[in-house]
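The values are calculated or read from the model by the stated rules, or taken from the named source; none is laboratory data. Please read all numbers here as calculations on a predicted model, not as lab measurements. Neighbour counts run over all protein chains shown; Cβ positions are idealised from the backbone, glycine included.
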Amino acid sequence: MIVAIDGPAGSGKSSTARALANSTGFVYLDTGAMYRAVALRFLQLNVEATEENVGLVWENFSLDLSSSPEGMKVYMNGSDVSKEIRTPEVTAMSSRVSTLPEVRRRMVREQRRIASSREKDGSGVIVEGRDIGTVVFPFASVKIFLDASPEVRVNRRMIDFQKEGHEVDRLELERDLLERDKRDKTRDISPLKKAVDAIVIDTTHLSLEEQILCIESIIRERMN
């Protein structure tokens, strides 16, 4: 079974998917972290996020993932970059990189390969991102679209950055989040949108525990 969780930045996708994987025993696949790893490579090479530079980035690029109690570990070229990909600089670059058609094509292939291998092992897979239920896994057994008010989403991103030891300006973060929303929703390739058969959950006033219970009940219903 594949559970697809989509939604804008700060809607609670990652924290919900991690907790849900722990409670159900499913494998967690953080597609956003995969794009962040690509963004980190662009930054390391000091090249612009353009279609022309994708081939250059991929010349010396390998990506491996593994599950851990803290979430998904990301290895780029053999090195654990799970913390490095969470900086504000990588966040900003990731938003630009994810609009590149060739990057998205390569990432979709990789995401499908990883999920398929987990399913063959008999595992359920929880995948979160912005185009999972519409593009990557349009036939997922369960499709969830998480959303929340802009104010709450900004607060969550502030907390995420502070936990990682990064100080950010709230007004700047709010501006970046709204710009990212616009880019995600209007990009030509795989724009952020709700799948027609997705269940919408507004997390503005929900605790993490309440979100998990809600989605668990949906999974149980589909499994039965």
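Here the condition is being in contact with a Pro (Cβ under 9 Å, 6 or more places away or on another chain) and surrounded by fewer than 23 Cβ atoms within 10 Å (Cβ to Cβ); of Asn60, Asn53, Asn22, it holds for Asn22 alone.
Within the stretch 68-95, restricting attention to residues that are in contact with a Ser or Thr (Cβ under 9 Å, 6 or more places away or on another chain), of a type outside the set (S, T, N, Q) and surrounded by 14 or more Cβ atoms within 10 Å (Cβ to Cβ), the residue that is modelled with the lowest pLDDT is Gly71. In the stretch 95-124, the residues that are of a type in the set (Asp, Glu) form Cβ pairs under 9 Å with partners that are assigned to a helix (DSSP H, G or I) and surrounded by fewer than 17 Cβ atoms within 10 Å (Cβ to Cβ), at six or more places apart or across chains, as follows: Glu102/Glu51; Glu102/Gly55; Glu102/Trp58. Looking across the stretch 149-193, just one residue is β-branched (Val, Ile, Thr), under 17 Å from the mean Cα position of the chain (by Cα) and in a helix (DSSP H, G or I), and that is Val154. Within the stretch 200-216, being under 17 Å from Val142 (Cα atoms) and either free of Cβ contacts under 8 Å to residues at least 24 places away in the same chain or more than 18 Å from the chain's Cα centre (by Cα) (or both) holds for Leu213, Cys214, Glu216. Exactly one residue among Ile144, Ile199 is modelled with pLDDT of 95 or more and either buried (at least 17 other Cβ atoms within 10 Å of the Cβ) or at positive phi (or both), and that residue is Ile144.
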